[in-house]
Amino acid sequence: MSLFRKINNEKGNVLAMTAMAMVFLIGCAAISLDVGLLYIERARIVNAIDSAVLAGVQHLPERPEQALQTAASYAQMNDLQVDEFQFQLRDTNFSITGQVEREVPLHFARIFNQELGLVKARASARVASTSAVNGIVPFGVSEGNYQFGDVLTLKRGAGTFIFPGWYGCLALGGTGADIYEKNIKFGYNKRISIGDFIPIETGNMSGPTATGIKYRIDQCQHAPRCTINSFVDGCSRILIVPIVRLSESRTETVEVVNFAAFLASNYIGNGNENAVEGAFVRYVVPGEIDDSISGYGLYSSYLYE
Ligand SMILES: [Zn+2]
């Protein structure tokens, strides 16, 4: 073989190899573009299904039909199509699972006869009894066997002590009328957990109680007016209250044993003769949960898959 022919042959080999490498590289680029597309599409449906089950779970375990409807309408608001998703209730209506499947048109993979890619997502959210929560109001409700809808006295009027001098008020984050009133209006801004001991606030606190509760009740401008059977999520009249245990031997503090929600229904009396009443309701709030406690109908929700 002459030197000239040898060089020519090598040129041919290089060309063939370059062509093969190009096909390979274009193939890789095509696949990575389509993979990127599928990745983006999957992230979209994951977010949509997560927010749908979190919206739906707010109605569990009490209103399963509403939970399913809410999840479906959130899914559609987040651009999921009706034929792409489905929701089921589980754990005797304590959890909701959503699944979504979407066919995504591909571009480059068509070269390999692959026109559609399938992306899937699944999410579940559940409610369990709240074990720690922010935003409680400074009223301690004693343990008891209450029924939903019962109207309870959250803060007593004059002459109806629980402990000597104690009308049911709590000192959250300090004592005094200003702190107490602020805690009624806005809820205590730190987290309180089951097992915490809260100092009691002695005295009737009639002025700040009246101002605080009136503020909460007046803030509810919902029409029709919120009732125990139908109230707006986050309504200012919803009071998160600690259920407390009293001890004869420890009269300066009360022990938090649970949490409950009440719909502030009334403020009674003037001057020293005032009391706060609320109707016992089930409610879902952001907070920590504990599966081992049987609660008072205050739940928190979380995503678990
Ligand atoms: Zn309201």
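Give a residue-ordered list of calculated ³J(HN,Hα) values for region 146-153 (Karplus: 6.51 cos²θ - 1.76 cosθ + 1.60, θ = phi - 60°; whole Hz; x for Gly, Pro).
8, 9, 4, x, 4, 9, 10, 7
Beyond 20 Å, what share of the Cα-Cα pairs of region 126-248 is found? Please give it as a whole percent.
That fraction is 46 percent.
Hey, fewest Cβ within 10 Å first, where do Ile194, Ile200 land in order?
With the sparsest Cβ surroundings first, the list reads Ile194, Ile200.
Calculate one ³J(HN,Hα) per residue across region 21-32 by plugging θ = phi - 60° into the Karplus curve 6.51 cos²θ - 1.76 cosθ + 1.60, and present them in order as whole Hz with x for glycine and proline.
These are the phi-based 3J(HN,Hα) values: 5, 4, 4, 4, 5, 5, x, 4, 4, 4, 5, 5 Hz.
Ranked by Cβ crowding within 10 angstrom, fewest neighbours first, how are Tyr299, Tyr39 ordered?
Listed from fewest to most nearby Cβ atoms, that is Tyr39, Tyr299.
Only bridges with both residues in the chain count here: give the DSSP antiparallel percent, nearest 5.
In the chain, approximately 90 percent of DSSP beta bridges are antiparallel ones.
Answer rounded, prolate or oblate for region 176-305, using the Cα gyration tensor with square roots of eigenvalues a ≥ b ≥ c: rounded when a/c is under 1.5, else prolate when a/b is larger than b/c, else oblate.
Taking the square roots of the gyration eigenvalues as a ≥ b ≥ c, region 176-305 is oblate.
In whole Å, what are the Cα extents of the chain along the three principal axes, biggest one first?
119, 40, 34
What do you get for Rg/Rh over region 3-124 if you use C-alpha atoms and the Kirkwood form of Rh?
1.39
Considering amide H positions built from the backbone, and no H for Pro or chain starts, which residues 5 or more places from Asn274, or on another chain, come under 5 Å of its amide H?
Under 5 Å from the amide H of Asn274: Ala158.
Which one of Pro64, Gln99, Ala30 has its Cα pushed farthest toward the positive end of the charge dipole of region 3-124, where Lys and Arg give +1 and Asp and Glu give -1 at the Cβ?
Value: Ala30.
Can you sort Cys235, Cys226 so the residue with the fewest Cβ neighbours within 10 Å comes first?
Cys235, Cys226
Under a 5 Å amide H to amide H cut-off, with H placed in plane at 1.01 Å, what residues pair with Ala260 once short-range neighbours are removed?
When sequence neighbours closer than 5 places are left aside, the close amide H contacts are Val241, Ile243.
Can you find, among Phe197, Thr253, Cys220, the residue sitting farthest towards the positive end of the charge dipole of the chain, where Lys and Arg contribute +1 and Asp and Glu -1 at Cβ?
Working it through, the farthest residue towards the positive pole turns out to be Cys220.
Which cross-chain or sequence-distant (5 or more) residues have an amide H under 5 Å from the amide H of Ser142, H modelled 1.01 Å from N in plane?
When sequence neighbours closer than 5 places are left aside, the close amide H contacts are Val244.
In whole Hz, with x marking every Gly and Pro, tabulate ³J(HN,Hα) for region 124-134 from phi via Karplus 6.51 cos²θ - 1.76 cosθ + 1.60, θ = phi - 60°.
9, 9, 9, 10, 8, 4, 6, 10, 7, 7, 9
Quick check on the chain: helices-only [θ] at 222 nm, where DSSP H runs of length 4 and up contribute -39,500 (n - 2.57) each and the sum goes over total residues. Nearest 500, please.
After summing the helix terms and dividing by residue count, I get -10500 deg cm²/dmol.
With charges only on Cβ, +1 for K and R and -1 for D and E, what is the dipole size of the chain about its Cα centre, in debye, rounded to 20?
Magnitude of the dipole: close to 800 debye.
Computed from the coordinates by the stated procedures, all read-outs in this text should not be read as laboratory data. Just so you know, these numbers come straight off a predicted model, no measurement behind them. Note that we place each Cβ from the backbone using ideal geometry, even for glycine, and neighbour counts take in every protein chain shown.
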